[in-house]
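Below you'll find the structure, written out as structure tokens, and then a few comments.
The values are calculated or read from the model by the stated rules, or taken from the named source; none is laboratory data. In this text, all values refer to a predicted model and were calculated from it rather than measured experimentally. No Cβ is skipped: glycine too gets one built from the backbone with ideal geometry, and neighbour counts run over all protein chains shown.
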Amino acid sequence: MSPAAPLPCDYNAILTTRTFPFLVWDGVGIPTPPGLIGMVAVPHTVTGSPFGTNFVRVERLSGPGGSPVATIANSARFLVAGKLIDFTPPTAAITAPVAGDVLGSVTVNATGADEPKGSGLASLKIMLDDVTTLASGATSPASAAWDTTTVPNGPHTLKAIATDVAGNVGTSAVVTVNVNNPVLVTVPNVVGQLQAAAAAAITAAHLVPAINTANDAVVPAGVVISQAPAGGASAVTGSTVTLLISLGPAVAPVGPSAVFITTDSATQGTWQGVYGADGYSLANGPASLPAYAAVTLSGQAPFTWVAATADVRALQRPGLTDRFAATWFSVTTFNIDVNLTDGLTHQVATYGLDWDSTRRAQRIDVLDATSGALLDTRTLTAFNAGKYLVWNLRGHVTLRVTRTAGDTSAISGLFFGAAGAVPPPPVAATAAFVRIDTATQGTWKG
């Protein structure tokens, strides 16, 4: 006998396994047959096409979990309007962070999705090291704030796990991150230690020493006066500990000085081998200054009495035997600024010459060029035969030459250093006419 005509029915089945049971009765307008179909404990089998005309057959099994051995009953045929069979796992992915170093609070993001005609996403979890669940929910995306300070520094894994309604599980690719949180260490106390030992102790604690210095009237030079951060404090590895190292007691700054040595009226113009071993500057003549000295004149005018003479009062030309008589002069006052830049004391001499009279008199004041303080003062009179005034000078000074009698003040030369070989004068540019040539014309080659 043929089965009865199909009855209208909306029959949804979710197939998660190929073993019994896997059907759920969901008849629309048709009550569930009592005692058989729809009972959870009764296995069911669909025979026929998943879509279209179907019927349900109830079978007797050989035992729990066994094989069918007999058909107990068949249902009438019915139309299956929708039947969902899902064996495909959903996809999952960690979208943040990417592999690499992380520290502090890190936002971990994940996504999950089932196939378009699948059973749908049921859950999405974010797992840390396959042990700790950072986030769990039924929707995508998922996000978690991960406090990386709760785990040891080093590599850790992040993974997303998605499960669909059918129970299929999808797992993301593993993202490996390296937790690299700062490590706190105790700062060693190095106050009172020598600089080298203190720096070594700071370095051994995985910290970086930075050195500042200061004068201290009590703490010996080279010893740590203080440190920041202080000993016993906590600091992040690789951070800086600043050490203040003593320079010892402060030394008063050395200013300019002038100590008068002598007046020399015997040498006259024969200065080579007696003065100027380091350098010289001659009025209206050559100059060869030492590297440690800078000389600037102001308020003076140059004048040459005699360009060449054998008079021993006249100064020798450097490296030569001939002499000349010249001067820097002023009817009032002029200055010779002498800056000795190496911080050392040097012998400096002036040569005064009253060449054309016996009336001149002048005062030479040695001043601190910065403050104007008077360091020494000398009076020069009766210098028609020529006189040297010799000092030991240090620093930046001004020699102020003031006329006190006669027509003008007069200084003929300035000399650095004592006895010794005199530096040669700088080579001057020269020009010497040779001849006029009217024969070669344009044939110049050769």
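Every test in (1) within 30 Å of Ser105 (Cα to Cα); (2) in the same structural domain as Thr111 (by TED's automatic domain parsing) is passed by Ala166 save one, and that test is (1). I'm checking my understanding of the structure. Among residues of region 258-278 that are of a type in the set (Gly, Ala, Ser) and at positive phi, which one is farthest from the chain's Cα centre (by Cα)? The residue in question is Gly273. If I ask for residues that are part of a strand (DSSP E or B) and either crowded, with 21+ Cβ neighbours inside 10 Å or of a type in the set (Lys, Arg) (or both), which ones from region 351-363 would you list? Within region 351-363, Tyr351, Gly352, Gln362, Arg363 qualify. Could we say that Ala135 is touching a Ser or Thr at 6+ places or on another chain (Cβ under 6 Å) and assigned by TED's automatic domain parsing to the domain that holds Asp164 here? No. Just name the residue that is farthest from Ser412 (Cα to Cα) out of those in region 317-336 that are of a type outside the set (Phe, Trp, Tyr), more than 59 Å from the chain's Cα centre (by Cα) and modelled with pLDDT of 95 or more. Selected residue: Val331.
Condition check for Gly238 on (1) touching a strand residue (DSSP E or B) at 6+ places or on another chain (Cβ under 9 Å); (2) outside the structural domain of Pro209 (by TED's automatic domain parsing); (3) modelled with pLDDT under 95: one failure, at (2). Just one of (1) out of contact with any strand residue (DSSP E or B) (no Cβ under 8 Å at 6 or more places or on another chain); (2) modelled with pLDDT under 80; (3) not β-branched (Val, Ile, Thr) fails for Pro423. It is (1). All conditions but one from (1) within 15 Å of Tyr351 (Cβ to Cβ); (2) of a type outside the set (Ser, Thr, Tyr); (3) exposed (fewer than 15 other Cβ atoms within 10 Å of the Cβ) apply to Asp264; the one that does not is (3). Among the numbered conditions (1) free of Cβ contacts under 8 Å to residues at least 60 places away in the same chain; (2) over 55 Å from the mean Cα position of the chain (by Cα), the only one that Leu340 does not meet is (2). The listed residues are Thr133, Thr157, Thr163, Thr139, and the only one of them that is without any contact (Cβ under 8 Å) to a residue 24 or more places away in the chain, assigned to a strand (DSSP E or B) and of a type outside the set (Gly, Ala, Ser) turns out to be Thr133. Considering only residues that are surrounded by fewer than 16 Cβ atoms within 10 Å (Cβ to Cβ) and hydrophobic (A, V, I, L, M, F, W, C), look in region 220-246 and name the one that is nearest to Gly192 (Cα to Cα). The extreme case among them is Ala221.
Here Pro116 fulfils each of the conditions (1) out of contact with any Gly (no Cβ under 9 Å at 6 or more places or on another chain); (2) modelled with pLDDT of 95 or more apart from (2).
Quick check on Ala217: is it surrounded by 15 or more Cβ atoms within 10 Å (Cβ to Cβ), not in a strand (DSSP E or B) and not assigned by TED's automatic domain parsing to the domain that holds Ser123? Against the criterion (surrounded by 15 or more Cβ atoms within 10 Å (Cβ to Cβ), not in a strand (DSSP E or B) and not assigned by TED's automatic domain parsing to the domain that holds Ser123), Ala217 does not qualify. May I ask you to verify whether Leu289 is under 13 Å from Leu414 (Cα atoms) and surrounded by 15 or more Cβ atoms within 10 Å (Cβ to Cβ)? Yes.
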